[in-house]
Amino acid sequence: MIQESRFAGLFYPNTRHELESSITTFFNSLTYKKEEDTTGIIMPHAGYRYSGSVAAESIYDTQTKRYKTAVIVGPSHHYQFFGASILDKKAYETPLGNMHIDEKKVKVILKNKTNEHIIYEPKAYKNEHSIEVILPFLQILHPSITIIPIVIGQYNNKLIEDIAHSINQNCNAEETLVITSTDFSHFLSAEQAKKKDLKAVALIKEKNIEKLKIEQEKKTIQLCGLGPLLIMMTILNQWEIQTAEHLTYYHSGMVTGDFSSVVGYNSFRFY
């Protein structure tokens with residue numbers, strides 16, 4: 001079975017030509033920076049008009065490395081559930097074609113019963129954009145890569161540890177790119193958003209998992225994909241990835257001109 005594209009024409013262009021042109025334009029504005037082997041990245045998942053340039057910068061420097069698998073972890077925005085839903089289908093559709101899912105790894109992870117909340121729940125993908133909007137960037141830079149899409153609902157520390165352990169057992173750092181799909185502050189003034197978002201940036205650079213949890217609970221930071229980020233950071237810690245490099249901070253007001261209510265976006269890479 002194929003997971004159908006649901007957000008082409010909404011969050012991003014719905015024809016191959018327009019989509020390729022849009023992403024190529026984002027990439028052409030960037031300069032390739034470093035040769036480090038990137039193992040993890042943070043990408044925003046808003047409409048390309050707002051966050052496409054930040055998403056492009058997140059992934060651009062991965063272009064020279066050849067990965068076998070991309071693990072993409074995003075939050076559930078509309079369907080409420082406790083756990084992690086791993087997409088158990090053959091492929092995920094976009095206007096650029098179908099991205100193949102690593103069915104073998106997905107089935108192994110789902111058969112492991114260490115956590116009953118690691119499942120395939122189709123409703124988690126019915127109206128969810130956090131995975132889909134990432135895919136075209138991958139298709140342009142890494143057309144032969146296979147993916148493991150994971151949507152996170154409510155979570156606790158055990159779920160985070162169990163998902164990270166499952167990925168660690170079935171993937172390796174040399175051949176895997178782990179992607180956190182998250183936006184940052186939502187619907188605050190630009191000034192308030194920047195304060196919260198740069199606080200979150202500092203904690204991510206410190207790789208301070210516990211402080212991220214505490215500050216999110218205190219509402220001094222705001223990430224819709226904190227759970228996905230904690231999972232990625234746990235995996236990268238297990239793989240002894242040392243560096244978290246912040247690339248860009250941006251917010252929607254820089255596009256719309258409305259600084260009274262913005263959404264924040266950040267790009268990071270980990271190596």
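The values are calculated or read from the model by the stated rules, or taken from the named source; none is laboratory data. Since this is a predicted model, take the numbers as computed values, not measurements. All Cβ positions, even for glycine, are placed from backbone atoms using ideal geometry, and neighbour counts span all protein chains on display.
Table: residues versus (1) at pLDDT below 95; (2) outside any loop (DSSP other than H, G, I, E, B); (3) of a type in the set (K, R).
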| position | (1), (2), (3) |
| --- | --- |
| F26 | no, yes, no |
| T31 | yes, no, no |
| K34 | yes, no, yes |
| T38 | no, no, no |
| I41 | no, yes, no |
| R49 | no, yes, yes |
| G52 | no, yes, no |
| A55 | no, yes, no |
| R66 | yes, no, yes |
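What strands (runs of 3 or more DSSP E) completely inside segment 139-199 contain at least 1 residues that are under 22 Å from K123 (Cα atoms), modelled with pLDDT of 95 or more and not hydroxyl-bearing (S, T, Y)?
It comes to 146-152, 176-181.
Look at A202 and say whether it is small (G, A, S), out of contact with any helix residue (DSSP H, G or I) (no Cβ under 9 Å at 6 or more places or on another chain) and modelled with pLDDT of 95 or more.
yes
From the residues in segment 19-48 that are in contact with a strand residue (DSSP E or B) (Cβ under 9 Å, 6 or more places away or on another chain) and of a type in the set (D, E, K, R), which one is farthest from L177 (Cα to Cα)?
K33
Taking only pairs six or more apart or across chains, which ones have beta-carbon atoms under 6 Å, a first residue in segment 248-264 that is at pLDDT 95 or above, and a second residue that is charged (D, E, K, R) and surrounded by 16 or more Cβ atoms within 10 Å (Cβ to Cβ)?
Listed by first residue and then by second, the contacts come to T248/E57; V263/D183; G264/D197.
Counting just the residues of segment 116-135 that are more than 26 Å from G97 (Cα to Cα) and surrounded by 17 or more Cβ atoms within 10 Å (Cβ to Cβ), which one comes out nearest to the chain's Cα centre (by Cα)?
I118
Mind listing whichever residues of segment 28-59 are more than 27 Å from H77 (Cα to Cα) and either surrounded by 18 or more Cβ atoms within 10 Å (Cβ to Cβ) or not aromatic (F, W, Y) (or both)?
Correct list: N28, S29, L30, T31, K33, K34, E35, E36, D37, T38.
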